[in-house]
Amino acid sequence: MKKPTGFAEDVYRAVCAIPEGNVATYAQIALMSGHRGAARAVGNALHINPYFGTVPCHRVVNGDGKLAPAFAFGGVDEQKRMLEREGVEVTGERVDLNKYQWRGE
């Protein structure tokens, strides 16, 4: 396995800050990791997350609260199950960001 780049490591550190029972958006993780505007690249880094189980990439959703259609670790249904196990309500394939988005409190 290739060692993750500095960018990816920044992303993984930011994702690890999201508390259980909350979500953050790709854009939010880009900002938190010091790479403002790199939301798409955040998604790419999470798709190849070599630390699955340690880095909670299932807690990252798009700006509308939509789950990842191609969640790399079992598909959208698995992302939904993982979030629901943490107490996050998922309606269809969407999370209510007003209720569950972590804002760094």
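The values are calculated or read from the model by the stated rules, or taken from the named source; none is laboratory data. Bear in mind the structure is a predicted one, so any value in this text is a computation, not a measurement. Note: ideal-geometry Cβ built from the backbone for every residue, glycine included; neighbour counts use all protein chains shown. Surface accessibility is based on the protein's heavy atoms, side chains included, excluding ligands, DNA and RNA. Shrake-Rupley method; radii C 1.70, N 1.55, O 1.52, S 1.80 Å.
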inquiry  = Would you confirm whether or not region 69-78 contains a residue that is open to solvent by less than 80 Å² (accessible area, probe 1.4 Å) and among the aromatic types (F, W, Y)?
reply    = yes
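Determine, yes or no, whether V61 is more than 17 Å from V15 (Cβ to Cβ), aliphatic (A, V, I, L, M) and in contact with a Leu (Cβ under 7 Å, 6 or more places away or on another chain).
No, not satisfied.
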query = Given the structure, is A72 under 18 Å from A27 (Cβ atoms), small (G, A, S) and out of contact with any strand residue (DSSP E or B) (no Cβ under 6 Å at 6 or more places or on another chain)?
reply = no
ask   = When both residues are 6+ apart or on different chains and their Cβ atoms are under 9 Å apart, which pairs have a first residue that lies in region 65-84 and is over 17 Å from G21 (Cα atoms), and a second that is assigned to a helix (DSSP H, G or I) and among the basic types (K, R)?
value = F71/K80; G74/R81
request  = Mind checking which helices (runs of 4 or more DSSP H) fall wholly inside region 35-105 and carry at least 2 residues that are at pLDDT below 95?
outcome  = 39-47, 75-85
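Conditions (1) open to solvent by less than 30 Å² (accessible area, probe 1.4 Å); (2) of a type in the set (A, V, I, L, M, F, W, C); (3) out of contact with any helix residue (DSSP H, G or I) (no Cβ under 6 Å at 6 or more places or on another chain), marked per residue:
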residue	(1), (2), (3)
A14	yes, yes, no
M32	no, yes, no
I48	no, yes, yes
V61	yes, yes, yes
K66	no, no, yes
Q101	no, no, yes
request  = Can you confirm whether region 34-41 contains a residue that is touching a residue at least 24 places away in the same chain (Cβ under 8 Å) and either crowded, with 20+ Cβ neighbours inside 10 Å or farther than 19 Å from E9 by Cα (or both)?
outcome  = yes
note = Log entry, pairs with first residue in region 87-101 being within 22 Å of A70 (Cβ to Cβ), second being at pLDDT below 95, beta carbons closer than 6 Å, six or more apart or on different chains, reads E93/V76
